[in-house]
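The values are calculated or read from the model by the stated rules, or taken from the named source; none is laboratory data. All of these numbers come straight from a predicted model, not from anything done at the bench. Every residue, glycine as well, gets a Cβ built from its backbone with ideal geometry; the counts of neighbours run over all protein chains shown. Please note that ligands, DNA and RNA were not included when accessible areas were found on the heavy atoms of the full protein model with its side chains. Shrake-Rupley method; radii C 1.70, N 1.55, O 1.52, S 1.80 Å.
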Amino acid sequence: MLSTTETVDIKKTVKPVQATKDVVIYFAGDSGDGIQAIGGQFGHTCVRMGNDIVTFPDFPAEIRAPAGTQAGVSGYQLRFGSGEVLTPGDNYDALIALNPAALQARVKGLKTNGLLIINTDKFRETDLKKAQCKTNPLDDGSLDGYQIFRVDLTKLTRAAVFETPLPATLSTREGDRCQNFFALGMVCWLYQRSLEPTVQYIKSKFGKRAEIAEANQRALRAGWVYCENTETFASSYEIAPAKHAPGLYRHITGNQATALGLVAAGQKAELPVFLASYPITPASDILHQLSRYKNMNVTTVQAEDEIAAACMAIGASFAGALGCTSTSGPGLDLKQEALSLAISTELPLIVVDVQRGGPSTGLPTKTEQADLLAAIYGRHGECPAPIIAASSPSDCFFAVYEAARIAIKYRTPVIFLTDGYLANGAEPWLIPSSKTLAPIVHKQLVERNGVMPFDRDPDTMARQWVRIGTPGLEYRVGGLEKDQKTGNISYDPDNHEAMGYLRKAKIDRIEREIPPTVIDGPESGDLLLVGWGSTHGAIKSAMGRQRQAGQKGISQIHLRFLNPLPPDLGDILKRFKHVLVPEMNMGQLSMLIRAKYVLPAKPLNKVKGQPFTITEISNAIEAILGGK
């Protein structure tokens, strides 16, 4: 092995390179092995090199899960290619397993003859026992169907890190923590990825401790050099850049896109943005991200609980800001009474719900789409609210921006749904020009001139928005029912019924904001796939697979507005012989469709905390259409 302190050309291999269109990689190890760090950084590198990517981080809920056990395995799946990539892939081409537990838990997803890189230093008897391995998989023949690369990862990392003196003393244990970057260096060689983005990341991340930054860089380069110089790795792979539309791209997660969408909405509306949130997985990163934008007139507060966070956001809207709060399923349960208050007071509010597995604490780090009915019907009384859902990590930006536009225009809370798969997953994002974003016009009443705070816009039915403390425009607001003219407290039966219909009419009018539904495929036919949220990529890919197999009468629509539903949806549904609704719950949207349109929409349900695979949806299509 070459010395890592020598000048080594790590930009181009001298070994054979095979071209391929796309690759699925899975990094797996203990939750303390830095798997998420190297997976995210590899994805960032692929975006920098022009590839299309989709990622799927999959990690345990515990802050430090039991080391060496299958319950403690942290994984990062990533698919990158030279064409359009819509899902992280059903099965992987390469698995990097840093211990026996990672191997046992994830090897079933590796393709036959797939590449399997194993850290043999972690296959001691005690390691095998923790992973509940009855025999050593390196010796029992269970891995014969794969291309196995046995690497003494810990030993090689120590040799690289401690080869020459570091800027400061580093313990052996600290040096061993660099083995994730050794593994990353190997994978960068295997798929001819540049090391430069990762070197920049290491310097930025560990810059305050020069010895750690240097140790990780040594490990990274050593991994690359090891593959280049050992006979074990005979060739590598090369994936050409994808043909993206011209423009400036960045690597973005769903939570990052959501935060930026709220910033953009505030700037476009010329309103301050206020986000109050109580930390909860998988939504916490929205609070973290927004806290960086104080210079963009953004204020963030970490509240003492979910209810306080929602009430703070309502207070911010009462004061004339765009009030926002972010949470996940358990927090949405707690915020519902405050959400009722916002609907009653008719104030703009954004409630971001990053869905996760339930009920109760459920599966904090796993994905699900089971909050739809809670979002629509989870409040007492007749209490309607618009529901908007994003379909991909980058779409979170545009969908939450639209949610803010609707909230401001119609003076209503809007529930914005994403999920753990979208929130933590990443893809390339073409950064839009602010000129291409729809205008957000707000009118705050500053002078009475005969106008009352509860006078309404005849077009939207929205009441006047009066910033608290405006001289001469003091008014009463609260949760008790209001007189439809003055806003004063009213217990009149006819007024209460009129207010109920008025609140409904305001939400119904949002139908006019929904563009015509885009049908991917024939306008009518044998089967229509109806999706919402994060199922988009898997549905579209499954449809593409079936079309290639000869199925012609298949189409897809994907819903962004879930309340109200698109006005043209009923007509579209009736033009197809079969309707299939894949969703990660027990059939919530399919139930709504059957109830509203009285047709036999067939549910395809999955509640395993994992996103749909392409194969699962493709098989469901075959089951409906048979050999047609």
- prompt: Roughly how many debye, to the nearest 20, is the charge dipole of the chain about its Cα centre, given +1 on each Lys and Arg Cβ, -1 on each Asp and Glu Cβ, and no other charges?
  reply: 640
Added length on full extension, which subtracts the Cα-Cα distance from 0.36 nm per residue, Glu231 to Glu523: 99.5 nm
message: Let's test the formula: R0 of 30 Å, r as the Cβ-Cβ distance of Leu248 and Ala498. What FRET efficiency results, to the nearest 0.05?
response: 0.05
- prompt: How many percent of the alpha carbon pairs in the chain exceed a separation of 45 Å?
  reply: 25
task: Mind pulling the angle between the C-alpha long axis of helix 395-410 and the longest principal axis of the chain? Nearest 10 degrees, somewhere in 0 to 90.
output: 10
query: Are there GluC sites (Glu not before Pro) in the stretch 330-412 that DSSP puts in a loop and that have at most 16 other Cβ atoms within 10 Å, and which ones?
result: Glu382
field: Size of electric dipole in the stretch 17-239: Cβ of Lys, Arg +1 and of Asp, Glu -1, about Cα centre, debye, nearest 20
entry: 520
query: In the stretch 95-116, which residues have a backbone nitrogen under 11 Å from the label point lying 7 Å from Ile148's Cα in the Cα-to-Cβ direction?
result: 116
- request: Go through the stretch 46-56 residue by residue and turn each phi into a ³J(HN,Hα) via Karplus (6.51, -1.76, 1.60, θ = phi - 60°); whole Hz please, and just put x for glycine and proline.
  value: 5, 5, 4, 8, x, 7, 7, 9, 9, 10, 9
field: Distance between modelled label sites at Ser171 and Ala71, nm, 7 Å Cα→Cβ extension
entry: 2.6
field: Efficiency of FRET between Met586 and Glu382 - r from beta-carbon atoms, R0 30 angstrom, step 0.05
entry: 0.75
message: In whole Hz and in residue order, list the ³J(HN,Hα) couplings for the stretch 291-300 that follow from phi through the Karplus curve 6.51 cos²θ - 1.76 cosθ + 1.60, θ = phi - 60°; x for Gly and Pro.
response: 5, 7, 10, 4, 5, 9, 6, 10, 10, 10
message: Which order do you get for Met296, Met499 if you rank them by accessible area with a 1.4 Å probe, largest at the top?
response: Met296, Met499
field: Segments 532-543, 595-606 sorted - mean Cβ within 10 Å per residue, highest first
entry: 532-543, 595-606
query: What is the set of long-range amide H partners of Val54 at a cut-off below 5 Å, with H atoms built 1.01 Å from backbone N?
result: Arg79
message: Can you give me the solvent accessible area of Arg405 with a 1.4 Å probe, rounded to the nearest 10 Å²?
response: 30
query: Quick one: if you stick a label point 7 Å off each Cα along the C-beta vector at Lys111 and Ala319, how many nm between them?
result: 5.5
- request: Taking a cut-off of 19 Å between Cα atoms, list the lysines near Lys574, but don't count ones fewer than 8 places away on the same chain.
  value: Lys552, Lys596, Lys602
statement: So, with points 7 Å from each Cα along the Cβ direction, the Lys443-Thr486 label distance in nm works out to 2.5
- request: For Asp30, list long-range residues whose amide hydrogen, built 1.01 Å from N in the peptide plane, is under 5 Å from its own amide hydrogen.
  value: Ser74
- line: Straight-line reach check, Lys155, cutoff 19 Å on alpha carbons, 8 or more apart in-chain or any other chain, hits among lysines -> Lys122
query: Rounded to the nearest whole Å³, what is the per residue volume of the convex hull around the Cα atoms of the stretch 74-229?
result: 133
field: Flagged links, alpha-carbon separation over 27 Å, of Lys243/Lys435; Lys294/Lys409; Lys21/Lys130; Lys366/Lys506
entry: Lys21/Lys130; Lys366/Lys506
- prompt: Taking a spot 7 Å from the Cα of Asn619 along the direction of its beta carbon, which residues of the stretch 561-599 have an amide N less than 19 Å from it?
  reply: 580-587
- prompt: Within straight cross-link reach of Lys540, meaning Cα distance under 12 Å, which aspartates and glutamates are found once same-chain residues fewer than 8 apart are removed?
  reply: Glu84, Asp520
message: Rounded, prolate or oblate, given the Cα gyration tensor of the stretch 253-432, with a/c below 1.5 counting as rounded?
response: rounded
- request: Could you tally the net charge around Asp459, taking each other residue with its Cβ under 11 Å from the Cβ of Asp459, Lys/Arg +1 and Asp/Glu -1?
  value: +4
- request: Using DSSP, restrict attention to beta bridges with both residues in the stretch 253-432 and report what percent are antiparallel, rounded to the nearest 5.
  value: 5
field: Part-to-part distance (alpha-carbon centres) for the stretch 456-526 and the stretch 583-628, which is given in Å
entry: 33
query: How far, in nm, would the chain grow between Glu125 and Ile63 when pulled straight, counting 0.36 nm per residue and subtracting the alpha carbon separation?
result: 19.7 nm
- line: Here the alpha-carbon Rg of the stretch 525-625 over 2.2 N^0.38 Å rounds to 0.99
message: Please list, in order along the stretch 351-360, the HN-Hα scalar couplings obtained from phi with the Karplus expression 6.51 cos²θ - 1.76 cosθ + 1.60 (θ = phi - 60°), rounded to whole Hz, x for Gly and Pro.
response: 10, 8, 10, 8, 5, 9, x, x, x, 6
